[in-house]
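For reference, the structure discussed in these notes is given below.
The values are calculated or read from the model by the stated rules, or taken from the named source; none is laboratory data. In this text, all values refer to a predicted model and were calculated from it rather than measured experimentally. Here the Cβ is made from the backbone with ideal geometry for all residues, glycine too, and neighbour counts use every protein chain on show. When the accessible area is computed, the model is the full protein with side chains, heavy atoms only, and any ligands, DNA or RNA have been set aside. Shrake-Rupley method; radii C 1.70, N 1.55, O 1.52, S 1.80 Å.
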Amino acid sequence: MRENEPMITESDQEIIMDVRDIKKYYPVARGSFSKGKKKTLKALDGVSLKIKKGEIFGIVGESGCGKSTLGRAMLRLFDITDGQVIFQGQDITHFSRRQMKNYRRDMQMIFQNPYSSFNPKLKIGTSLREVGQVYGMSQEKTGEKIRELLDYIHLPEDMLVRSPGELSGGQLQRLAIARALILDPSFIVADEPVSALDVSVQAQILNLITDLRKKMGMTMLFISHEMTVVEHICDQVAVMYLGKVMEVAPTKVLFKNLLHPYTQALMSAIPKADPEANTQRIMLEGDIPNAIDLPLGCRFASRCRFCTEECKKVSPQLTDVGDGHFVACHRYKEGGKS
Ligand SMILES: Nc1ncnc2c1ncn2[C@@H]1O[C@H](COP(=O)(O)OP(=O)(O)O)[C@@H](O)[C@H]1O
Ligand code: SF4
Ligand SMILES: [Mg+2]
């Protein structure tokens with residue numbers, strides 16, 4: 001290496017998406033009680049995550065906790081309130097719409113509802129070819145790529161002449177995944193891609209994503225509200241609650257030892273095949289605070305069965321408890337799991 005060359009370590013090179021303490025606040029007017037005073041909804045309230053190349057990174061949490069906002073912030077679909085978004089080593093936080101244009105083809109999104117992600121008036125083939133056209137890919141190359149992807153998603157070529165209305169949700173979601181891959185993006189946000197599908201079809205789509213990752217080595221932020229879904233497919237999982245990460249770890253480490261009381265409650269809310277085993281369910285008690293009037297201390301305090309006076313006053317920070325496992329709860333101290 002030459003003397004003045006910047007040193008890039010292997011771990012830096014591997015990071016595709018790096019968000020640092022990002023915040024997304026929305027001003028909200030709150031009816032007559034607030035006497036017209038403006039309040040702030042903290043959809044994201046200081047989230048930091050790093051996603052490595054080739055990794056499927058899961059985000060899990062109840063509806064309204066900020067999962068979609070996080071995915072969209074990573075793709076810079078809006079301006080964030082504070083923090084940094086670093087994509088492939090480039091700080092894109094303040095990029096204009098025009099600057100972002102160069103990055104758009106590299107960042108794709110898959111949505112929850114496959115029926116609304118295709119124009120019902122266009123044949124599937126037209127919708128898929130449009131993606132290539134927009135980014136100046138030749139017709140020949142686009143056609144080749146579409147055929148390759150149809151093979152990967154196990155659908156026949158006659159799909160291309162069908163209309164979205166003629167296809168099932170599962171078939172359409174396969175095609176939406178293929179469409180997101182036409183341009184070989186380096187990063188994909190999949191926002192609850194199986195939540196609108198029947199359980200039997202969900203498993204097929206999850207297996208398909210696992211397969212495609214092996215074949216294409218894609219990097220993905222995978223959003224879900226179900227613990228079992230992220231366990232099945234993700235390499236790392238972050239659990240979110242009201243705009244903050246409560247716990248994050250490699251999937252195997254996390255599911256071996258769920259530490260945060262919220263994560264435990266999310267997991268125990270899943271009905272078990274054996275109803276006898278259900279007697280240990282932890283119910284989520286208390287009111288869910290909203291992201292407007294957040295409590296001073298731990299934001300989970302009003303629903304936590306372990307809440308102490310400290311929890312009501314001091315907001316816990318994400319703490320390293322070893323093995324890449326981080327948890328934001330006063331019950332856990334640095335370097336230890338209890
Ligand atoms: N454009 C917006 N304006 C105001 N509030 C918003 C907007 N988008 C999202 N929110 C609020 O931000 C919070 C997080 O929303 P979202 O990211 O969609 O949650 P999730 O995807 O986890 O269900 C919610 O309280 C939601 O109502
Ligand atoms: S910090 Fe306290 S209230 Fe919050 S999750 Fe931990 S024990 Fe519960
Ligand atoms: Mg959402």
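Consider Arg331 carefully, then state whether it is among the charged types (D, E, K, R), surrounded by fewer than 16 Cβ atoms within 10 Å (Cβ to Cβ) and modelled with pLDDT of 95 or more. Criteria met by Arg331. The lone criterion from (1) modelled with pLDDT under 95; (2) assigned to a strand (DSSP E or B) left unmet by Phe57 is number (1). In segment 163-173 there is no residue matching the filter, namely being under 25 Å from Arg72 (Cα atoms), among the hydroxyl-bearing types (Ser, Thr, Tyr) and open to solvent by 10 Å² or more (accessible area, probe 1.4 Å). Scanning segment 177-223 for residues that are among the charged types (D, E, K, R) and either in contact (Cβ under 8 Å) with a residue 40 or more places away in the chain or at positive phi (or both) yields Arg179, Asp184, Asp191, Glu192, Asp211, Arg213, Lys215. Residue count for segment 158-202, restricted to those that are of a type in the set (D, E, K, R), away from ligand 1 (no atom under 16 Å from the Cβ) and closer than 15 Å to Tyr115 by Cα: 5. The set of residues in segment 63-86 that are within 14 Å of ligand 3 (Cβ to nearest atom), part of a loop (DSSP other than H, G, I, E, B) and open to solvent by 20 Å² or more (accessible area, probe 1.4 Å) comprises Ser63, Gly64, Leu77.
Is it true that some residue in segment 230-241 is closer than 30 Å to Leu172 by Cα, open to solvent by 40 Å² or more (accessible area, probe 1.4 Å) and modelled with pLDDT under 95? Scanning segment 230-241, I find at least one residue that is closer than 30 Å to Leu172 by Cα, open to solvent by 40 Å² or more (accessible area, probe 1.4 Å) and modelled with pLDDT under 95, so the answer is yes. Lys52 fulfils the conditions (1) more than 19 Å from the chain's Cα centre (by Cα); (2) away from ligand 3 (no atom under 16 Å from the Cβ) except for a single criterion, (1). The residues of segment 174-219 that are basic (Lys, Arg) and at pLDDT below 95, listed by number, are Arg213, Lys214, Lys215.
Here Lys145 meets the list (1) within 29 Å of Thr228 (Cβ to Cβ); (2) open to solvent by less than 60 Å² (accessible area, probe 1.4 Å) almost entirely, failing just condition (1).
Here is a yes/no grid of residues against (1) at pLDDT 90 or above; (2) open to solvent by 20 Å² or more (accessible area, probe 1.4 Å); (3) within 25 Å of Gly89 (Cβ to Cβ); (4) more than 16 Å from ligand 2 (Cβ to nearest atom):
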| site | (1), (2), (3), (4) |
| --- | --- |
| Ile16 | yes, no, yes, yes |
| Tyr25 | yes, yes, no, yes |
| Ser32 | no, yes, no, yes |
| Leu44 | yes, no, yes, yes |
| Val47 | yes, no, yes, yes |
| Lys52 | yes, yes, yes, yes |
| Gly61 | yes, no, no, no |
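A single member of Ser117, Ser127 is under 22 Å from Leu206 (Cα atoms) and crowded, with 18+ Cβ neighbours inside 10 Å, and it is Ser117. Restricting attention to segment 48-59 and to residues that are in contact with a Phe, Trp or Tyr (Cβ under 9 Å, 6 or more places away or on another chain) and over 11 Å from Met17 (Cβ atoms), the residue that is nearest to ligand 1 (Cβ to nearest atom) turns out to be Ile59. Considering only segment 292-315, I want to know if a residue exists there that is of a type outside the set (Gly, Ala, Ser), at pLDDT below 95, within 21 Å of Lys39 (Cα to Cα) and open to solvent by 60 Å² or more (accessible area, probe 1.4 Å). Taking every residue of segment 292-315 in turn, at least one turns out to be of a type outside the set (Gly, Ala, Ser), at pLDDT below 95, within 21 Å of Lys39 (Cα to Cα) and open to solvent by 60 Å² or more (accessible area, probe 1.4 Å).
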